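The values are calculated or read from the model by the stated rules, or taken from the named source; none is laboratory data. All values derive from a computational prediction rather than experimental measurement. Heads up, the Cβs are rebuilt from the backbone with ideal geometry, glycines too, and the neighbour counts pull from every protein chain shown. To get the accessible areas, we keep the full protein, side chains included, count just its heavy atoms, and leave off ligands, DNA and RNA. Shrake-Rupley method; radii C 1.70, N 1.55, O 1.52, S 1.80 Å.
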Amino acid sequence: YVAHIMAYSFVGDLRVAVYAHLQRLSARFFADRQTGELLKRVINDTRDIEQLIAHYIPDMTVNLLLLIGVGLILFSLNPALAVLTLLPMALLLVSNLLLGKRMRGAMKEASGKLGALTGMVQDNLVGIKEIQLFTQEQREHQRVSALSTDATRRLLYGLKMQAILVPSIEFLTSLGLVIVVFFGGMAALDGTMPVEDLVAFFLYLTIF
């Protein structure tokens, strides 16, 4: 609750700041901008930042501390096994860079197209009398439909990249567990690693 208080207070101040910035821009800036698109920037896009402040930043902070703390424990238990379990992390980094870049690009394009769609619909509603007077309903319907379809297509592509990314993360992190079971089990059978250390290593690795 406290996190949401801080986040929404920040978003409220940010909206006012964005509006104040818009007031200082020249008439040339507004000449080729749709009102609906600017409204989306001020209202919708600033609202999305609330999740970042209230959830993502606190979660990232906690996860980073866990990553460092548990990583140190893993290396203290068995440095060689810890290095082996980190090998899949390189593949994880590559998959995040490739798929994550495509996902973010598609989401950014979808957001831009939704802003253009908002502007188009708002302009059409303001000028609905002129559209009806000149019987342009079908033309405007096709324009709105095409832009909406395009925005949906980009959004679904981004979601598809996300749908591939999440299982790939789970698969690659599971490889680390397989490595621990195999090499750690061999070490426990040889007597070079106590069984209790192997169990502790396995449990810590699931947190990691």
**Request:** Working with all protein chains in place, sort Phe29, Phe183, Phe134, Phe201 by solvent-accessible area computed with a 1.4 Å probe, largest first.
**Result:** Phe134, Phe183, Phe29, Phe201
**Prompt:** Cα centroid distance between region 49-89 and region 120-140, in Å?
**Reply:** 54
**Item:** Nearest-10 value in Å² for the accessible area of His21, using the 1.4 Å probe
**Value:** 90
**Prompt:** Given H placed 1.01 Å from N in the peptide plane, which residues other than close sequence neighbours of Gln34 have an amide H under 5 Å from its amide H?
**Reply:** none
**Fill in**
Projecting the Cα atoms of Phe29, Val16, Leu52 onto the charge dipole of region 7-58, where Lys and Arg contribute +1 and Asp and Glu -1 at Cβ, the residue farthest towards the positive end is Phe29
**Fill in**
the chain: Kirkwood hydrodynamic radius (Cα pairs, Å) comes out at 21.7
**Request:** Of the options Asn124, Leu114, Phe201, report the single residue whose Cα projects farthest towards the positive end of the charge dipole of the chain (beta-carbon charges: Lys, Arg +1; Asp, Glu -1).
**Result:** Asn124
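Keeping every protein chain in place, order Tyr1, Tyr56, Tyr204 by accessible area at 1.4 Å, biggest value first, i.e. largest first. Kindly include the intermediate steps, with their values, before the conclusion.
On the way: Tyr1 200, Tyr56 125, Tyr204 80 Å².
Heavy-atom accessible area, descending, gives Tyr1, Tyr56, Tyr204.
Where the eigenvalues come from the Cα gyration tensor of region 119-163, what are the semi-axes √(5λ) of the equivalent ellipsoid, largest first, in whole Å?
30, 10, 4
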**Message:** Modelling each spin label as a point 7 Å along the Cα-to-Cβ direction, I'd like the Gln138/Val166 distance in nm, to one decimal.
**Reply:** 4.3
**Asked** How would Lys101, Lys113 rank on accessible area, largest to smallest, probe 1.4 Å?
**Response** Lys101, Lys113
**Prompt:** Can you give the FRET efficiency for Leu93 and Met186, using 1/(1 + (r/R0)^6), R0 = 35 Å, r = Cβ-Cβ distance, to the nearest 0.05?
**Reply:** 0.80
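Could you work out the local net charge near Leu92, counting Lys and Arg as +1, Asp and Glu as -1, over the other residues with Cβ closer than 15 Å to its Cβ?
Numbers: positive: Lys101; negative: Glu170.
Summing Lys and Arg as +1 and Asp and Glu as -1 gives 0.
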**Message:** If you average 1/r across every pair of different Cα atoms in region 53-122 and take the reciprocal, what Kirkwood value do you get, in Å?
**Reply:** 15.6
**³J(HN,Hα) computed for each position of region 91-99 - Karplus, 6.51 cos²θ - 1.76 cosθ + 1.60, integer Hz, glycine/proline x** = 5, 4, 5, 5, 5, 5, 5, 6, 6
**Request:** Quick one: dipole size for the chain, taken about the Cα centre, charges +1 on Lys/Arg Cβ and -1 on Asp/Glu Cβ, in debye to the nearest 20.
**Result:** 940
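Work out how much length Leu86 to Thr173 would gain on full extension: take 0.36 nm times their residue separation and subtract the Cα-Cα distance, in nm to one decimal. If you can, show how the numbers build up before the last one.
Working: separation 87, 0.36 × 87 = 31.32 nm, distance 0.92 nm.
Roughly 30.4 nm would be gained on extension.
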